[in-house]
């Protein structure tokens, strides 16, 4: 009986054991499942990383783009401010070293055309009513300004209106009248000598030929061409100090002697242009392209000038260097042409008269009065 009871017990134990084993299997399976869940979660997490990374990259790009836009806007704004404060300077256009003659002719004529637009009222800056007055005034203009001559000749011509009158004058009286022009003794001899030559050799009339004019005392080629071009309408190139300086600056010629300069420039222009060419160049030399400090920053032909930069290039500073009508000052003639007055030119004051300087750009007040026309010499 006992043995029979023991057998089921073993079976029961064995059954319990089997049940335990069977029960253990799901536990292990559950554990495995649980273990695999974190792995899947980790995989999901790993998958999620690129999304976050993409969002971060997009955000970074957006920030960079925004910063770039802001920087670009700031740069543009800064450029506008700079442009308003400091006007852009003109870049020079230097001619090639081996400039051909054809290229030189084109450049020279273009400069003359530009100057003709800037100075449509260009004219001889000596007051005269006839060829005699012009030849005398031109002789007197040596070593002084046209303005000083214009202030002196009214008294001279009022007292000695013809060559015959001046030829018969008392030298001491003539010297006293001409004293303000400087070198008055030498100039007295010249004007009285040419008056005698006109009276004795040309019937009291100024000749209209170059070869005759240069025979007169004190009259050279420069003076002769001034008279021929402006009193007789015959073409001539006036090679004065301004003309010589500018044509060399523009590299039209390297010559230094007046006669050679005259020939060299004459080859670049037709004869019909010679007289007005002289006026354009001389006007520019007196008003803008000065000897010591050219107003490069206010020069209308700066892009064509190989010497750009020799003077003041700042536009505002350059404006303060302008002379005569360009700077708001009186001109050289007491009786200028109407075209000059229409363009804003101011007549010069008589000898000894006072004239107020134009208003100061910074204060808007007039400068001190002066009776000296030395501002903007020759």
### Query
Is it true that some residue in segment 124-143 is in contact with a helix residue (DSSP H, G or I) (Cβ under 7 Å, 6 or more places away or on another chain), loosely packed, with under 15 Cβ neighbours inside 10 Å and at pLDDT 95 or above?
no
### Query
Just checking, how many residues over segment 231-287 are assigned to a helix (DSSP H, G or I) and within 21 Å of residue 124 (Cα to Cα)?
31
### Message
residue 302 - would you say it is farther than 26 Å from residue 126 by Cβ and modelled with pLDDT of 95 or more?
### Response
yes
### Task
Those residues that are outside any helix (DSSP H, G or I) and either outside the structural domain of residue 336 (by TED's automatic domain parsing) or over 23 Å from residue 207 (Cα atoms) (or both), I need them from segment 125-167; list them, please.
143, 144, 145
### Message
Looking at segment 194-205, can you tell me whether even one residue there is touching a residue at least 24 places away in the same chain (Cβ under 8 Å), on the phi > 0 side of the Ramachandran plot and in contact with a helix residue (DSSP H, G or I) (Cβ under 6 Å, 6 or more places away or on another chain)?
### Response
yes
### Task
Quickly run through segment 240-253 and pick out the residues that are touching a residue at least 24 places away in the same chain (Cβ under 8 Å) and touching a helix residue (DSSP H, G or I) at 6+ places or on another chain (Cβ under 9 Å).
240, 241, 242, 243, 245, 246, 247, 250, 251, 252
### Summary
Subset of segment 254-264, residues free of Cβ contacts under 8 Å to residues at least 40 places away in the same chain and either closer than 19 Å to residue 221 by Cα or not assigned by TED's automatic domain parsing to the domain that holds residue 111 (or both), comes to 255, 256, 257, 258, 259, 260, 261, 263, 264
### Query
Considering 283, 329, 269, which residue is in the same structural domain as residue 143 (by TED's automatic domain parsing), more than 21 Å from the chain's Cα centre (by Cα), crowded, with 18+ Cβ neighbours inside 10 Å and at pLDDT 95 or above?
269
### Criterion (touching a helix residue (DSSP H, G or I) at 6+ places or on another chain (Cβ under 9 Å), without any contact (Cβ under 8 Å) to a residue 40 or more places away in the chain and assigned by TED's automatic domain parsing to the domain that holds residue 150) met by exactly one of 224, 186
224
### Query
Would you pick out the residues in segment 292-328 that are out of contact with any strand residue (DSSP E or B) (no Cβ under 9 Å at 6 or more places or on another chain), in contact (Cβ under 8 Å) with a residue 24 or more places away in the chain, outside any helix (DSSP H, G or I) and over 17 Å from residue 252 (Cβ atoms)?
293, 295, 300, 309, 313, 314, 320, 321, 322, 323
## Note on the structure
Reported set for segment 332-343 where residues are out of contact with any helix residue (DSSP H, G or I) (no Cβ under 6 Å at 6 or more places or on another chain) and surrounded by fewer than 20 Cβ atoms within 10 Å (Cβ to Cβ) is 335, 337, 338, 339, 341, 342, 343
### Residue satisfying condition, being outside any loop (DSSP other than H, G, I, E, B) and either closer than 30 Å to residue 179 by Cα or in contact (Cβ under 8 Å) with a residue 24 or more places away in the chain (or both), within set 113, 109
109
### Qualifying residue in segment 197-204 (condition: surrounded by 21 or more Cβ atoms within 10 Å (Cβ to Cβ) and over 27 Å from residue 276 (Cβ atoms))
yes
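The values are calculated or read from the model by the stated rules, or taken from the named source; none is laboratory data. Everything quoted here is computed from the prediction, not taken from an experiment. For neighbour counting, all protein chains shown are included, and Cβ atoms are generated from backbone atoms with ideal geometry for every residue, glycine included.
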